[in-house]
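S.K.: Sending over a structure as structure tokens; questions will come in a sec.
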Amino acid sequence: MGLFFCLNTNKARIKMKPTPKQYQEAVERTKKIKEHLIKEGYAENEESAESIIMGMSEQWYNLILEE
């Protein structure tokens with residue numbers, strides 16, 4: 001009987017779960033972005049801030065985090 005090798009050619013689509021530390025850091029970044037958007041008048045509340053975050057560029061996101 002021959003050996004059967006299963007090669008996963010779709011490795012790019014497989015994502016590992018974040019570690020608890022990575023998850024907490026992501027939560028803190030999101031909170032900071034939401035607070036900034038509300039404080040600066042881009043959003044009226046957290047829900048509208050979340051909508052803005054979903055469509056914002058990576059450049060703008062990183063610019064806010066650097067402040």
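S.K.: Looking at the range 47-60, I want the residues that are within 15 Å of residue 32 (Cα to Cα) and have a partner that is not in a loop (DSSP other than H, G, I, E, B) with Cβ atoms under 6 Å, at least 6 apart or on another chain. Which pairs are those?
M.R.: 49/34; 49/37; 49/38; 52/37; 53/33
S.K.: So, one more: Checking the conditions here, which among 53, 14, 38 is at pLDDT below 95, surrounded by 12 or more Cβ atoms within 10 Å (Cβ to Cβ) and among the β-branched types (Val, Ile, Thr)?
M.R.: Selected residue: 53, the only one of 53, 14, 38 that is at pLDDT below 95, surrounded by 12 or more Cβ atoms within 10 Å (Cβ to Cβ) and among the β-branched types (Val, Ile, Thr).
The values are calculated or read from the model by the stated rules, or taken from the named source; none is laboratory data. What you see is a predicted model, and the numbers here were worked out from it, not measured in a lab. When we count neighbours, we look across all protein chains shown, and the Cβ atoms used for this are built from the backbone with ideal geometry, even at glycine.
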